[in-house]
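See below for the structure under consideration.
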Amino acid sequence: MLYKRNPQLNKNGELVHLLSIEGLPRDIVTHILDTAANFVSVQEREVKKVPLLRGKSVFNLFFENSTRTRTTFEIAAKRLSADVFNLDIARSSTAKGETLLDTIDNLSAMAADIFVVRHSESGAPYLIAQHVAPHVHVVNAGDGRHSHPTQGLLDMYTIRHYKKDFSNLTVAIVGDVLHSRVARSDIHALTTLGAAEVRVVGPRTLVPGDLAQMGVRVFHSLEEGIKGCDVVITLRLQNERMSGALLPSSQEYFKSFGLTPEKLLLAKPDAIVMHPGPINRGVEIDSAVVDGPQAVILPQVTFGIAVRMAVMSIVAGNEA
């Protein structure tokens, strides 16, 4: 029954694909974070490798541009001793009209064990997960506006690292929530882990109307939204996903919703500031905040390697 309810889990309730944080049991999310904690120390060793995926083949299929996510997945797989293959989509048969599933079939015939997939279409990783053989695993590296589960998990790891416990935390997610798969993953993760309050802050044109159903409080004033917060997660304006004029200008946006040192004073004195990247300095966040003592943006990237190592090692250890 578990498998039917959630395609990410096998009949024993174990993780075999990571497609979304939505619907994942709290114990699985916690298990990923605990496993990642063990891998953080690997990055401090002289030899930064463990043999957990030796002999396994990991294929990175990025149908959208990426720097941090693709690179950290590649580093993570190599540190697990996997053989890593980065498909150049622009020069692949996909560019000649080959379907997504035909591409997957051909790569599966090359003995792929894990597909890491980023795609502009929401649901593409689910389609692949339903199609592959039982011994092949799929990890969603971002699909459309839908989900970015490993970013959500590394954000949770970062919060837990600095704040230890979620039960008393107030977390504000600020910016272009409408187009953000990261925001959705963070909201699902925070509510699953029992955060005291999750807030979404942004202009009315960039905040979906259904967020109250997800258990969050919505604010259309940055000052009100971040007041007394423990964590502030700023999001980039995703102009490439916008259709029509949703904002007067990026300058006007910064004036109302840009996180500056002065506005950050409204949060708790020990509040941390996060950003999934890429950062648009002077649009959603001031350089003085990015480079300031409360920002943990670069540690997020470092922790991302350990979290992605954890995810791949866990799914590869379970059979569908």
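State whether one or more residues within the stretch 6-14 are open to solvent by 30 Å² or more (accessible area, probe 1.4 Å), touching a strand residue (DSSP E or B) at 6+ places or on another chain (Cβ under 9 Å) and not in a helix (DSSP H, G or I).
Our first condition is that a residue be open to solvent by 30 Å² or more (accessible area, probe 1.4 Å); within the stretch 6-14, this holds for 7, 11-12, 14.
Those still in the list that are touching a strand residue (DSSP E or B) at 6+ places or on another chain (Cβ under 9 Å) too: none.
No, that holds for no residue.
Say we look at the stretch 250-275 and pick out the residues that are small (Gly, Ala, Ser) and within 17 Å of Val207 (Cα to Cα); which of these is surrounded by the most Cβ atoms within 10 Å (Cβ to Cβ)? Reasoning before the result, please.
If we filter the stretch 250-275 for residues that are small (Gly, Ala, Ser), which is where we start, we get 250, 256, 258, 267, 271.
Imposing the further condition that a residue be within 17 Å of Val207 (Cα to Cα) reduces the set to 250, 256, 258.
Details: Ser250: 15, Ser256: 14, Gly258: 23.
So the residue we want is Gly258.
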Long-range neighbours under 9 Å by Cβ, at least six apart or interchain, first residue more than 17 Å from Pro276 (Cα to Cα) within the stretch 183-208, second among the aromatic types (Phe, Trp, Tyr) and buried (at least 22 other Cβ atoms within 10 Å of the Cβ): Pro203/Phe257; Leu206/Phe257
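Among Pro293, Pro299, which is assigned to a loop (DSSP other than H, G, I, E, B) and either open to solvent by 30 Å² or more (accessible area, probe 1.4 Å) or at pLDDT 95 or above (or both)?
Working: Pro299 fails: assigned to a loop (DSSP other than H, G, I, E, B).
Exactly one of Pro293, Pro299 is assigned to a loop (DSSP other than H, G, I, E, B) and either open to solvent by 30 Å² or more (accessible area, probe 1.4 Å) or at pLDDT 95 or above (or both), namely Pro293.
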Number of the exception - Leu206 against (1) more than 16 Å from the chain's Cα centre (by Cα); (2) open to solvent by less than 10 Å² (accessible area, probe 1.4 Å); (3) closer than 23 Å to Ala288 by Cα: (3)
Enumeration of residues in the stretch 276-289 that are more than 14 Å from Asp155 (Cβ to Cβ) and open to solvent by 20 Å² or more (accessible area, probe 1.4 Å): Pro278, Ile279, Asn280, Arg281, Gly282, Val283, Asp286, Ser287, Ala288
Qualifying helices (runs of 4 or more DSSP H) (wholly inside the stretch 164-279; at least 2 residues being among the hydroxyl-bearing types (Ser, Thr, Tyr)): 181-192, 250-257
Unique residue being open to solvent by less than 50 Å² (accessible area, probe 1.4 Å) and more than 23 Å from Leu193 (Cβ to Cβ) when the list is Leu24, Leu61: Leu61
Filter result for the condition that a residue is touching a Lys or Arg at 6+ places or on another chain (Cβ under 7 Å) and either buried (at least 21 other Cβ atoms within 10 Å of the Cβ) or without any contact (Cβ under 8 Å) to a residue 60 or more places away in the chain (or both), over Ser120, Ser108, Ser147: Ser147
Neighbours by Cβ (under 6 Å, 6+ apart or cross-chain): first from the stretch 258-280, closer than 18 Å to Arg199 by Cβ; second surrounded by 18 or more Cβ atoms within 10 Å (Cβ to Cβ) and of a type in the set (Ser, Thr, Tyr): Leu259/Thr234; His275/Thr234
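The values are calculated or read from the model by the stated rules, or taken from the named source; none is laboratory data. From a predicted model like this one, the values you see are computed outputs, not experimental measurements. Positions of Cβ are backbone-derived with ideal geometry, glycine not excepted, and every protein chain shown enters the neighbour counts. Heavy atoms of the whole protein, side chains included, go into the accessibility calculation; ligands, DNA and RNA do not. Shrake-Rupley method; radii C 1.70, N 1.55, O 1.52, S 1.80 Å.
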